[in-house]
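Here is the structure we will look at.
Since every read-out is calculated from the coordinates, none of them should be taken as a lab result. Please read these numbers as outputs of a predicted model, since none were measured by experiment. Every residue, glycine as well, gets a Cβ built from its backbone with ideal geometry; the counts of neighbours run over all protein chains shown.
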């Protein structure tokens, strides 16, 4: 049985091992798969590197275009809709109470970011030192498992609501006691 040309046989072994296996008596392989070779290549030449073609992502482009179009439609509806009463919003936004609330919100956000950074730094240093003190370790676990997944302004809002609720209940009882 004549040996098949190398271009028609697929063998995972390196060329030197293939040549030794081809020359060995009785070296017939049970696996006979066909490798496609370009017509202009001779069977003695190794096959050329495959050409890398970028994947077309037409579905992603269509989806992105649809999302941008929908966002533009929502923005147009918000701007042109008379039910929003933008003139009333403009008049009320410049009042002292709204600006004071905006300033307080920005101040609380800044304080929470600074405190969160400081607490995170302390916990990170503790994590680096592999401290085994029970109190600090439990604080680290609570912080890692709860507050890291909640955005800091949301944590500040939760604390603000909790503190003002407690203070308002206390204020109610103080006013009830001293209003007589």
Two pseudo-spin positions, 7 Å from Cα along C-beta at residue 141 and at residue 104, lie apart in nanometres by 3.7 nm
If you rank 141, 136 by fewest surrounding Cβ atoms within 10 Å, what's the result?
141, 136
Prolate/oblate/rounded label for segment 88-178 (Cα gyration tensor, a/c 1.5)
oblate
